[in-house]
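In what follows, a structure is listed as structure tokens, so that the remarks can point back to it.
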Number of protein chains: 6
Amino acid sequence: MNNVVVSNIERVDPSVVDTLRSCGVATVHEAMGRLGLMKPYMRPIWPGAEATGSAVTVLAQPGDNWMLHVAIEQVRQGDMLVVAVTADNTDGMFGELLATSLKARGGIGLVIDAGCRDVRPLKEMGFPVWSRAISAKGTVKATLGSVNISVVCAGAAVSPGDVIVADDDGVVVVPRKRATEVAAAAAKRVANEDDKRRRLAAGELGLDLYGMREPLAKAGLTYIDKAKE
Amino acid sequence: MNNVVVSNIERVDPSVVDTLRSCGVATVHEAMGRLGLMKPYMRPIWPGAEATGSAVTVLAQPGDNWMLHVAIEQVRQGDMLVVAVTADNTDGMFGELLATSLKARGGIGLVIDAGCRDVRPLKEMGFPVWSRAISAKGTVKATLGSVNISVVCAGAAVSPGDVIVADDDGVVVVPRKRATEVAAAAAKRVANEDDKRRRLAAGELGLDLYGMREPLAKAGLTYIDKAKE
Amino acid sequence: MNNVVVSNIERVDPSVVDTLRSCGVATVHEAMGRLGLMKPYMRPIWPGAEATGSAVTVLAQPGDNWMLHVAIEQVRQGDMLVVAVTADNTDGMFGELLATSLKARGGIGLVIDAGCRDVRPLKEMGFPVWSRAISAKGTVKATLGSVNISVVCAGAAVSPGDVIVADDDGVVVVPRKRATEVAAAAAKRVANEDDKRRRLAAGELGLDLYGMREPLAKAGLTYIDKAKE
Amino acid sequence: MNNVVVSNIERVDPSVVDTLRSCGVATVHEAMGRLGLMKPYMRPIWPGAEATGSAVTVLAQPGDNWMLHVAIEQVRQGDMLVVAVTADNTDGMFGELLATSLKARGGIGLVIDAGCRDVRPLKEMGFPVWSRAISAKGTVKATLGSVNISVVCAGAAVSPGDVIVADDDGVVVVPRKRATEVAAAAAKRVANEDDKRRRLAAGELGLDLYGMREPLAKAGLTYIDKAKE
Amino acid sequence: MNNVVVSNIERVDPSVVDTLRSCGVATVHEAMGRLGLMKPYMRPIWPGAEATGSAVTVLAQPGDNWMLHVAIEQVRQGDMLVVAVTADNTDGMFGELLATSLKARGGIGLVIDAGCRDVRPLKEMGFPVWSRAISAKGTVKATLGSVNISVVCAGAAVSPGDVIVADDDGVVVVPRKRATEVAAAAAKRVANEDDKRRRLAAGELGLDLYGMREPLAKAGLTYIDKAKE
Amino acid sequence: MNNVVVSNIERVDPSVVDTLRSCGVATVHEAMGRLGLMKPYMRPIWPGAEATGSAVTVLAQPGDNWMLHVAIEQVRQGDMLVVAVTADNTDGMFGELLATSLKARGGIGLVIDAGCRDVRPLKEMGFPVWSRAISAKGTVKATLGSVNISVVCAGAAVSPGDVIVADDDGVVVVPRKRATEVAAAAAKRVANEDDKRRRLAAGELGLDLYGMREPLAKAGLTYIDKAKE
């Protein structure tokens, strides 16, 4: 099971991907039952970045980006590359040239539990990257890893073909088999929020909107009026 | 003293708040005798954010944002919500809906020793937040905490009604009873800096402007001319 | 060797500095044989900052910025100040007034393994700073350090007169004696990348462009076609 | 309020301190309503250390241990020194000589949100220390701080005379005015645990002992038998 | 798939567990192809701890240990409890009473990506725990999680019934289906090391033992004799 | 200058090494003018470890321990191996077999800015190691580095032949050319401390012993008697 490249992985229907993209990370994460989130140290390398697509996964050795070249051949239009490393590492495993190649093959973004470099050219290309670090540290091409196996990236389990939703709030992973169900639940949450937003904007309190006063009192919450002391 | 909500706390006179706002975090912190600063991990979620107001404090359980709803009822025009958590936590306890509600009740900003989500909508609303993390991680509403008690937030002691000054340099807490005195001292520092800035811009050295040459020599500083070696 | 200020240090020829500047951090670091990089926690305080110049070095005590005033006198047109601290520290040792003074004496940037404050005014001045933290924490002027001795800053050895190249990707140190050689090698890399970029953009794979297929097969990489299972 | 030494602070009755000591950190923390705990990065410098006593507080500048000498004069038999620093710092502010002096004056332990050195001699003396780091880094004696003012140490508010309970589980702070009440509650918890321990050791499940089955079912917990799939 | 408890999970044959135990973490990890290791922040709470057994997994909410009580009912003789949390958390979710209960039901150790308390009693019981933190911070029992689902714990994917090998070097996870194969490979490695150890102890160099001189020379390694300069 | 092995480096006279060993890390660091200390994250893998010897330096790639084998050939009786890595890394680059080989060639300890494994066997061998992490993570042997060049290890500059002093307080580096002078200064400090220790143990205050009362008063320290309020 080590040092393998799996080709022709299954992917989720594009319309489901579109729905997930339109809902955003926070809503999709809630719709999954508050699961699937990568660690908050994963940040976009430029503000405003967002991307949603099917995961092509990479497991690499720290300081070695050989398998990224291997992985790009497996990418199809709309895919996102997800790179896990076998140990904590911040080396700049990805930069402008790899992004040029990945983009040319249809890749729309990168999620990497390591470092990224060439921040300015990547921003100019509009190529979105979520990484644990920004670092110019160069890497070698010496040791094998795998492509399209199940990995753990930034604390989240990712299997090839899972949908990756990424924006300013971070990165969430939707398992391929749950994608349709999660997209529906997320879309429903978005619809429900409009009414709440309007009522809260009008000054109604969450305490009343969500009916919290009774459970709070029951739990023992006590009010003290400073003005009456 | 646990699980209480204190209402009708005392606040500082608005003109004092205005003076503190105009001086900014670094100057106010110096004017207090270099005290009151929160840890530097507290960062604005969008660049350029700034806010100054009276603190409504919250003590919450990690992963539980129930008390934020309770706290919003206690907010008055110009207040800032300050959220401390009983243990290190990065969950996204605050987002767009809570911001909408907080803003509708007069709240002008949030300082939270945990995570924040919905970064893009918050930026679009122009709602300023200082947090230790950005995270979409959802929270529960299950366990009581307190509102408007003294808390420790990001390493700084905050009592309800203290003035919070926050900008790109971080967050400083001015105790309510010292606010008038500190505002005066800060305003004086601002006035004094103009002359210094002009002289330094003209090429005068700090060594001369501040009369440092003699104490440096006395302390034993030695000069070596590389050109004469 | 402690508590000394060395004046009239040697510097690199300006044309070499210009070449290094035009190549950027990632390329210069590769051209040095992947050495000389500061830790990735060193980040510009505003996006887009870049600066390249000769290092005037400072060794300071945590929480004490006295030696920065001493160092500014040693700065010449085009120099960068590089501040190391004798222990991990995030205090805001540098701000608008020091920047005004440093700029007036010809300094073009700061690299500091500690904190920086006055982020907004520094950005408005266009003064570039790379630091480990942003913090308003004020400092004292009580204990000597040294200027223009060899230091370790953010994990990299820096000697006075070394060339500092800094941009969005971080900070790299080029030893003075290797600067000409490294500049030449870096310029060559830039030239070589144009052809690669064009071919990758046209869809050619790195696997083919770099001739990786044979060594990968030799190392034992195996392909599995999911569609044929 | 800066740069002051407060003498003759009030302390808690020794019998209350004895009760708190016998209960230990975890139980005292629970008895306070799960408050008062310092951050878990505070660790004993040798395993098995434990100490409970009244706090003499110090606020020091990073890298400067001048105020520790000042504080030792204020120590009485059974006191613990609690050192807060104005910014994150790991310098070795305390070592064998200071411990010798502190012990000679009646001090029974140290809690320091910075570094400690001379680990071996301190262990041989049996002198307990809780610190955020072990570091030989020497400090200066140049800048004033304060003794016996309210401080924030490792995330916990400490006022002079509060009771510090410290053991292998960390450090908890009991406010002086709540000490009698908390000691009583803690002692009660200890008594209650004996029966629980016996029943759990006999194989009774917490699910039954604490009556959790019904609330779990009500919350929606579902059981799936793998053997029946 | 959320809020479920799976009972009667499959486990690995005890003789395979015995072999894995005898090989230790480092050897088992190598035998798996250098995979399956938890992050190095997972440390035993007392030195010398070691345990190997089948995983009963728990997914809990930060600051909430309700599901640990639920999980203990699912434990059989020789099992280890593996606790993952939905967000980074250091609360003391496990202590002496839970250990007493877990041990009474046959549990032989705990691996928890959160905090542990009651270090001294646990050490006296000889009960081994690997955790990310030691903390007395108490937890609530308010929110459901799951038992015996696949989780990510400290960066490693763990499914119920996988074998957990833990000692002073950390924690490695052996997938249930690979356990027999990995145990055989690990045992073989142990056998091979004896000869190497003897030869190295006799002064033979790894350069010769492993035949490294030629590949090093081919890679371009150059020797410089300082004595001949 | 890359990928080289320098042999026959100069070392310090053994009697100087002996003096430095007898003084310990904290004293030697003070005697150097508070310089040369590695970061406090460098900890012994077992308590009580201590070693002092001449540095044989290694610069390695993250996750690659090939150069350690190369370095062992350069080790002479009494040397310590000092391993720097080109980027932050915690992989277990060193274990029992390498220790056996290193010991057989006269090596007396290891300082590594990465991970170490086989903690128990190393402790049983009495082989001292200072590392940034304990990790079983295996490494490859694929990429060259260098042996006996100047490196930065854990924030300290180390040149081959420098004296490494390591104990429970951490690791300090004494430059070869300053070793004799530093050893003399350190020995003098040890002698001076005896008298101080005796006087402090007798209850004399540091305030008096070091004559601090006048400078403290001059700096503005104020005393407040709580009993007189």
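The values are calculated or read from the model by the stated rules, or taken from the named source; none is laboratory data. Computed from a predicted model, the values in this text were never measured in an experiment. Methodologically, a virtual Cβ is constructed for each residue, glycine included, from the backbone with ideal geometry; neighbour enumeration extends over all protein chains shown. Keep in mind that these areas ignore ligands, DNA and RNA; they rest on the heavy atoms of the full protein, side chains included. Shrake-Rupley method; radii C 1.70, N 1.55, O 1.52, S 1.80 Å.
Within the stretch F:1-18, the set of residues being of a type in the set (S, T, N, Q), within 14 Å of chain E (Cβ to nearest Cβ) and farther than 19 Å from F:LEU110 by Cα comprises F:ASN2, F:ASN3, F:ASN8. For the residues C:ALA60, C:ALA26, the requirement of being in contact (Cβ under 8 Å) with a residue 60 or more places away in the chain and either under 21 Å from F:VAL151 (Cα atoms) or in contact with a Lys or Arg (Cβ under 9 Å, 6 or more places away or on another chain) (or both) singles out C:ALA26. Scanning the stretch D:124-148 for residues that are away from chain C (no Cβ under 14 Å) and surrounded by fewer than 20 Cβ atoms within 10 Å (Cβ to Cβ) gives D:GLU124, D:MET125, D:GLY126. The number of residues in the stretch A:95-114 being touching a Pro at 6+ places or on another chain (Cβ under 6 Å) and crowded, with 24+ Cβ neighbours inside 10 Å comes to 1. Within the stretch C:10-32, the residues that satisfy the criterion of being under 18 Å from C:PRO160 (Cα atoms) and either of a type in the set (Gly, Ala, Ser) or in contact with a helix residue (DSSP H, G or I) (Cβ under 6 Å, 6 or more places away or on another chain) (or both) are C:VAL12, C:VAL16, C:LEU20. Among (1) among the acidic types (Asp, Glu); (2) part of a strand (DSSP E or B); (3) farther than 20 Å from D:VAL158 by Cβ, which single condition is D:ASP113 missing? Every condition holds for D:ASP113 apart from (3). Is at least one residue of the stretch B:158-173 out of contact with any Phe, Trp or Tyr (no Cβ under 9 Å at 6 or more places or on another chain), without any contact (Cβ under 8 Å) to a residue 60 or more places away in the chain and either away from chain C (no Cβ under 11 Å) or closer than 24 Å to C:ASP64 by Cα (or both)? For the stretch B:158-173, residues out of contact with any Phe, Trp or Tyr (no Cβ under 9 Å at 6 or more places or on another chain), without any contact (Cβ under 8 Å) to a residue 60 or more places away in the chain and either away from chain C (no Cβ under 11 Å) or closer than 24 Å to C:ASP64 by Cα (or both): absent. Here the stretch E:180-192 is the region considered, the condition is being closer than 17 Å to F:GLY95 by Cβ and touching a residue at least 60 places away in the same chain (Cβ under 8 Å), and the residue that is surrounded by the most Cβ atoms within 10 Å (Cβ to Cβ) is E:ALA186. Per the listing F:ARG21, F:ARG34, the residue uniquely touching a residue at least 60 places away in the same chain (Cβ under 8 Å) and either within 14 Å of chain E (Cβ to nearest Cβ) or not hydroxyl-bearing (Ser, Thr, Tyr) (or both) is F:ARG21.
Scanning the stretch D:200-229 for residues that are touching a helix residue (DSSP H, G or I) at 6+ places or on another chain (Cβ under 6 Å) and open to solvent by 80 Å² or more (accessible area, probe 1.4 Å) gives a single hit, D:ARG213. How many of the residues making up the stretch A:82-112 are more than 13 Å from chain C (Cβ to nearest Cβ) and farther than 21 Å from F:GLY63 by Cα? So the answer is 4. Annotation note: Cβ proximity below 6 Å between a residue of the stretch E:203-219 that is at the interface with chain F (Cβ under 9 Å from one of its Cβ atoms) and a residue that is open to solvent by less than 70 Å² (accessible area, probe 1.4 Å) and among the polar types (S, T, N, Q) (sequence gap 6+ or interchain) occurs for E:GLY206/F:SER101.
Where strands (runs of 3 or more DSSP E) fall wholly inside the stretch E:117-229, no range has 2 or more residues that are in contact with a His (Cβ under 6 Å, 6 or more places away or on another chain) and under 30 Å from E:GLU96 (Cβ atoms).
Taken over the stretch C:1-49, residues that are open to solvent by 40 Å² or more (accessible area, probe 1.4 Å) and of a type in the set (Gly, Ala, Ser) amount to 2.
Could you check the stretch B:87-102 and list, in sequence order, the residues that are more than 13 Å from B:CYS116 (Cβ to Cβ) and more than 19 Å from the chain's Cα centre (by Cα)? Those that are more than 13 Å from B:CYS116 (Cβ to Cβ) and more than 19 Å from the chain's Cα centre (by Cα): B:ALA87, B:THR100, B:SER101.
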